[in-house]
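Chemist: Below are the structure tokens for one structure; questions will follow.
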Amino acid sequence: MSTETIKPQPSVTLRFLAAPTDVLIAGAMGVHGGRVLERIDKDAYACAAGWAKTYCVTAYVGHIHFTRPIPSGHIVEVRSRIVYTGRSTMHIFNEVYSADPREGIFTLACDCPVIFVAMGEDHKPTPVTPFEPETAEEKRVEQAALSRIELRKEIEAEMLRQTYTRDSTAPEITHRFLAKPTDVNWGGNVHGGTAMEWIDEAATNVTMSFSGERTVAVYIGGIRFYQTIHIGDLVEVNARLVRTDARSMSVMVHLRADDPRKPQEELPLAIHASFTYIAVDLDGVPLNARQFVPVTAEDKKLSEHALTLRKLREKFAPHPPVEIPEQPIKLTS
């Protein structure tokens, strides 16, 4: 039997048809943000694992702008490509397009970077083949990835500096459940995309409960993964609204998970994320946000924390990874 060594490919494109089951809330304008995140993570994982030739884990997802809804019935195309590699990390940029299959014209819905870490048989980070950009476009996108490294470090440090206690009047909601066998990937851990869907559901819950309206995620500033989640783990997802502006609502989410036989108050942090939501009417038009007024010292501190994160993004002004084409992309292109 002859064998052939196939050179690792730096990009993967997957398509799926957005189904009614991808819409979380009855009457919503399109696929829920958490489901989009799940699809992004799975495509990015296929790209990372194909390049590294080993099991990979999600380390970071961030700087995501949702520019428009993806209607049920659309063909959704997720394009993932490696743009930069470290010793054991792969920086992957992802673009999500969708098209009405009757028209076949794809337009951009969102884009974001995802960082994966390659894991060896010893469950420790293992080196990956370096990615060498060759074309002018590959070099441009590599610079976009490099421009975000310092921003990511600053955001992570700012998020870790904050404490969250019960001394708060802020609206918050906690979801608790056990991780099921259907939640895990072939490595035996809960898929990062599945965990992101859980986070988005909790954040949507707290913003809808507070505003009394339908809400949609419009921006995700950073999702940091600290440890893996396993089958049977008790998962606790806490979403707290920390700031409102004219239209937006800033939410901080902490996902903790561990063996349910351990005390619930000792569940270690698995994921920390920051989201921005807006309320919309039945036609999807943005509404003014109901205002949350910070009362306690912690309320005020976390409100300033959300503002600091915004200022950091303005300070570093990372390069855009995607150049939107002047002409729509045809299904047959």
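The values are calculated or read from the model by the stated rules, or taken from the named source; none is laboratory data. Every value quoted in this text rests on a predicted model; they were computed, and no experiment measured them. Cβ coordinates were reconstructed from backbone atoms using ideal geometry, including for glycine residues, and neighbour counts include every protein chain displayed. With ligands, DNA and RNA removed, areas are computed over all heavy atoms of the protein, side chains included. Shrake-Rupley method; radii C 1.70, N 1.55, O 1.52, S 1.80 Å.
Chemist: Given the pairs K262/K301; K42/K139; K262/K300; K7/K315, which span a C-alpha to C-alpha distance of over 28 angstrom in this model? Before the final figure, lay out the partial values.
Modeler: Working: K262/K301 31 Å; K42/K139 25 Å; K262/K300 33 Å; K7/K315 40 Å.
K262/K301; K262/K300; K7/K315, as the Cα separations exceed 28 Å there.
Chemist: Ok, one more. How much accessible area does L24 have with a 1.4 Å probe, in Å² rounded to the nearest 10?
Modeler: 80
Chemist: Once amide H atoms are placed 1.01 Å from N in the peptide plane, what residues at a sequence separation of 5 or more from A109, or on another chain, have their amide H within under 5 Å of its amide H?
Modeler: For A109, the qualifying residues are V96, Y97, S98.
Chemist: What does the charge add up to near I231, with Lys and Arg as +1, Asp and Glu as -1, over the other residues with Cβ less than 9 Å from its Cβ? Before the final figure, lay out the partial values.
Modeler: Details: positive: K180; negative: D183, D233.
It works out to a net charge of -1.
Chemist: Give me the extension gain from I105 to T296: residue separation times 0.36 nm, minus the current Cα-Cα distance, reported in nm with one decimal. Kindly include the intermediate steps, with their values, before the conclusion.
Modeler: Working: separation 191, 0.36 × 191 = 68.76 nm, distance 5.06 nm.
Roughly 63.7 nm would be gained on extension.
Chemist: Right, next: Round to the nearest 0.05 the FRET efficiency obtained for R261 and E156 when R0 = 41 Å and r is the Cβ-Cβ distance. Please report the intermediate quantities before stating the final value.
Modeler: Details: r = 31 Å, r/R0 = 0.75.
Between R261 and E156 the formula returns 0.85.
Chemist: Shifting gears a bit: Could you please report the charge total around E298, scoring K, R as +1 and D, E as -1 over all other residues with beta-carbon less than 14 angstrom from its beta-carbon? Show your work: numbers first, answer last.
Modeler: Values: positive: R161, R166, R240, R243, K300, K301; negative: D167, E172, D299, E304.
Every neighbour counted, the sum reads +2.
Chemist: E304: accessible area at probe 1.4 Å, nearest 10 Å²?
Modeler: Solvent-accessible area, nearest 10 Å²: 100 Å².
Chemist: Same structure again: Hey, can you find the accessible area per residue of the chain for me, probe 1.4 Å, expressed in square angstrom? Don't skip to the answer; put the middle values down first.
Modeler: Values: 16040 Å² over 333 residues.
Per-residue accessible area for the chain comes out at 48 Å².
Chemist: Sort H175, H123 by accessible area with a 1.4 Å probe, largest first. Before the final figure, lay out each step's value.
Modeler: Working: H175 45, H123 150 Å².
The residues order as H123, H175, largest area first.
Chemist: Counting only other residues whose beta carbon sits under 11 Å from that of L241, what net charge do I get with K and R as +1, D and E as -1? Display every interim value, and only then the final one.
Modeler: Values: positive: R240, R243, R290; negative: E172, D299.
Once all neighbours under 11 Å are counted, the net charge is +1.
Chemist: 5 Å is the cut-off here: which amide hydrogens, built 1.01 Å from N in the peptide plane, fall below it relative to S168, excluding neighbours closer than 5 in sequence?
Modeler: Counting only residues 5 or more places away or on other chains, the set is empty.
Chemist: In debye, nearest 20, what is the charge dipole magnitude of the chain about its Cα centre with +1 on Lys and Arg Cβ and -1 on Asp and Glu Cβ, if you could check? Each step should come with its number before you reach the end.
Modeler: Working: 37 positive and 43 negative charges, 65 e Å.
In total the dipole reaches around 320 debye.
Chemist: Tell me, what is the FRET efficiency for E121 and F177 to the nearest 0.05, using R0 = 35 angstrom and their Cβ-Cβ distance as r? Please report the intermediate quantities before stating the final value.
Modeler: On the way: r = 31 Å, r/R0 = 0.89.
Efficiency computed from Cβ-Cβ geometry: 0.65.
Chemist: Round to the nearest 0.05 the FRET efficiency obtained for T54 and D245 when R0 = 35 Å and r is the Cβ-Cβ distance. Don't jump to the answer; show the numbers that get you there.
Modeler: On the way: r = 44 Å, r/R0 = 1.24.
Between T54 and D245 the formula returns 0.20.
Chemist: Separate question: Of all the stretches in the chain, which is the longest one without any exposed loop site, taking trypsin sites (Lys or Arg not before Pro) in a DSSP loop (any state but H, G, I, E, B) with at most 16 other Cβ atoms within 10 Å? Walk me through the intermediate numbers first.
Modeler: On the way: sites that count: K53, R87, R102, R166, R247, R261, R290.
Segment 167-246 is the longest.
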